[in-house]
Ligand SMILES: Cc1cc2nc3c(=O)[nH]c(=O)nc-3n(C[C@H](O)[C@H](O)[C@H](O)COP(=O)(O)OP(=O)(O)OC[C@H]3O[C@@H](n4cnc5c(N)ncnc54)[C@H](O)[C@@H]3O)c2cc1C
């Protein structure tokens, strides 16, 4: 690990300044205190390349950070946090049916959704009000209200973290799955996503099958992109903590998928078990229901707790530490394993 003089001496050159001991609290939605040993922001590929190619930077681990809405820091980060500020949106192709846009990874996700809805470009509206940046959206294939971002992504532009070579991934290359992609599996931490290319429709096929969305949209009047976006925002505001008010990272756990044998066993013990049939052999079980059955919803210990309206969401009521949130998550996991025999996976990136 280089000494302080080494890394901060980078500030003498024309690459973005590297700061030391930067609080990450304002950069994460959990609002938890943790310090980055080194911190720099980049607003273009050249700046990023300059930072990554400097031999001093390559001596410490580096973490690419977007909106910090899917990260839990359980301790200070002893490496270099690189905050993505690559902005911009350009139209690559357009005709009467569709539009192809290329968006900078550092753009705010919900601002992009709002912009597309105003243009009449369909595909992202069900994903309204998800915090974070565009660049993180393919990583866990963000999803909500019956939609997943994989259905609109045409290509993902990246930079190899080590060779600094640009590499483009087609939709199929990304190996998208439920809250999963190649960037969260074998390429985890190995690529920096710089731009995402979306294919959006000008002749929308609305997707209102999920939960109460259909009813809420129709209460607003016509079925159109604006009303769908507003309905999604209204429902999310009722169910989830306001990102600016209560610290969280959204769903802390993924919904588990079980095979048929396990499913039958569960149903015989819990006839009211909600489930979603994925295919002939697999069922998805709502993790929130499992956690709620065990009485965790609304549980609070100090400033760490389980959201009163959504048992999947762990919250920081003010001054919880990352350790406290993590310990609570570990206890919930154990309780679910002991009672249901199901291992919950974390959706949040725990560092
Ligand atoms: C209140 C709330 C509600 C939420 N609701 C949903 C929801 O409905 N559906 C859903 O899917 N998610 C949801 N989330 C989770 C989160 O918003 C998404 O996962 C989002 O895409 C994370 O974006 P981010 O920019 O904040 O990523 P970060 O938290 O900054 O990063 C997440 C991971 O991606 C990596 N990363 C980020 N940007 C890049 C990049 N450009 N290149 C390479 N690696 C990168 C980071 O290193 C980290 O490992 C919610 C979160 C909150 C707080």
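Would you tally the residues in segment 209-229 being touching a residue at least 24 places away in the same chain (Cβ under 8 Å) and touching a helix residue (DSSP H, G or I) at 6+ places or on another chain (Cβ under 9 Å)?
So the answer is 7.
Within segment 95-107, which residues are surrounded by fewer than 22 Cβ atoms within 10 Å (Cβ to Cβ) and more than 16 Å from the ligand (Cβ to nearest atom)?
Once the filter is applied, which keeps residues that are surrounded by fewer than 22 Cβ atoms within 10 Å (Cβ to Cβ) and more than 16 Å from the ligand (Cβ to nearest atom), segment 95-107 yields 95, 96, 97, 98, 99, 100.
Give segment 39-59 a look and list any residue that's within 15 Å of the ligand (Cβ to nearest atom) and touching a helix residue (DSSP H, G or I) at 6+ places or on another chain (Cβ under 9 Å), or say none. Lay out the reasoning, then the answer.
Initially, segment 39-59 is screened for residues within 15 Å of the ligand (Cβ to nearest atom), giving 39-45, 47-49, 51-52.
Of everything in segment 39-59, those that are within 15 Å of the ligand (Cβ to nearest atom) and touching a helix residue (DSSP H, G or I) at 6+ places or on another chain (Cβ under 9 Å) turn out to be 39, 40, 41, 42, 51, 52.
Filter segment 108-117 down to residues that are farther than 25 Å from residue 185 by Cβ and either near the ligand (Cβ under 10 Å from one of its atoms) or touching a residue at least 40 places away in the same chain (Cβ under 8 Å) (or both) and give me whichever is surrounded by the fewest Cβ atoms within 10 Å (Cβ to Cβ).
Within segment 108-117, the match that is surrounded by the fewest Cβ atoms within 10 Å (Cβ to Cβ) is 108.
Consider residue 297 against the criteria (1) buried (at least 18 other Cβ atoms within 10 Å of the Cβ); (2) within 16 Å of the ligand (Cβ to nearest atom): it satisfies all of them except one. Which criterion is unmet?
In the conditions (1) buried (at least 18 other Cβ atoms within 10 Å of the Cβ); (2) within 16 Å of the ligand (Cβ to nearest atom), residue 297 misses (2) alone.
Do we have residue 172 as in contact (Cβ under 8 Å) with a residue 40 or more places away in the chain and not assigned by TED's automatic domain parsing to the domain that holds residue 286 here? Write out each step before concluding.
Numbers: in contact (Cβ under 8 Å) with a residue 40 or more places away in the chain: no; not assigned by TED's automatic domain parsing to the domain that holds residue 286: yes.
Criteria not met by residue 172.
Name the residue that is surrounded by the fewest Cβ atoms within 10 Å (Cβ to Cβ), counting only residues in segment 65-79 that are in contact with a helix residue (DSSP H, G or I) (Cβ under 8 Å, 6 or more places away or on another chain) and outside any loop (DSSP other than H, G, I, E, B).
Looking at residues that are in contact with a helix residue (DSSP H, G or I) (Cβ under 8 Å, 6 or more places away or on another chain) and outside any loop (DSSP other than H, G, I, E, B), I get 65.
If residue 309 passes every condition in (1) in a loop (DSSP other than H, G, I, E, B); (2) within 16 Å of the ligand (Cβ to nearest atom); (3) touching a strand residue (DSSP E or B) at 6+ places or on another chain (Cβ under 9 Å) but one, which one does it miss?
Unmet condition: (3).
Which one is surrounded by the most Cβ atoms within 10 Å (Cβ to Cβ), of the residues in segment 123-155 that are part of a strand (DSSP E or B) and more than 9 Å from the ligand (Cβ to nearest atom)? Explain how you work it out, then say what you get.
Step one: list which residues in segment 123-155 are part of a strand (DSSP E or B), which gives 133, 143-144, 147-148, 153-155.
Then keep just the ones that are more than 9 Å from the ligand (Cβ to nearest atom); that gives 147, 153-155.
Numbers: 147: 19, 153: 22, 154: 16, 155: 20.
Ranking the candidates gives 153 first.
If only one of 189, 211 is part of a loop (DSSP other than H, G, I, E, B), near the ligand (Cβ under 10 Å from one of its atoms) and surrounded by fewer than 14 Cβ atoms within 10 Å (Cβ to Cβ), which one is it? Spell out how you get there, then give the answer.
On the way: 211 fails: near the ligand (Cβ under 10 Å from one of its atoms).
Of the residues listed, the single one that is part of a loop (DSSP other than H, G, I, E, B), near the ligand (Cβ under 10 Å from one of its atoms) and surrounded by fewer than 14 Cβ atoms within 10 Å (Cβ to Cβ) is 189.
Return the residues of segment 280-292 that are outside any loop (DSSP other than H, G, I, E, B) and under 21 Å from residue 261 (Cα atoms); say none if nothing qualifies. Steps first, please.
Within segment 280-292, the subset outside any loop (DSSP other than H, G, I, E, B) is 282-284, 287-292.
Those that are outside any loop (DSSP other than H, G, I, E, B) and under 21 Å from residue 261 (Cα atoms): 282, 283, 284, 287, 289, 290.
Might you let me know whether segment 316-333 holds any residue that is within 14 Å of the ligand (Cβ to nearest atom), touching a helix residue (DSSP H, G or I) at 6+ places or on another chain (Cβ under 7 Å) and modelled with pLDDT of 95 or more?
Scanning segment 316-333, I find at least one residue that is within 14 Å of the ligand (Cβ to nearest atom), touching a helix residue (DSSP H, G or I) at 6+ places or on another chain (Cβ under 7 Å) and modelled with pLDDT of 95 or more, so the answer is yes.
The values are calculated or read from the model by the stated rules, or taken from the named source; none is laboratory data. Here the structure is a predicted model, which is why all the values come from computation and not from measurement. Backbone-built Cβ (ideal geometry, glycine too); neighbour counts: all protein chains shown.
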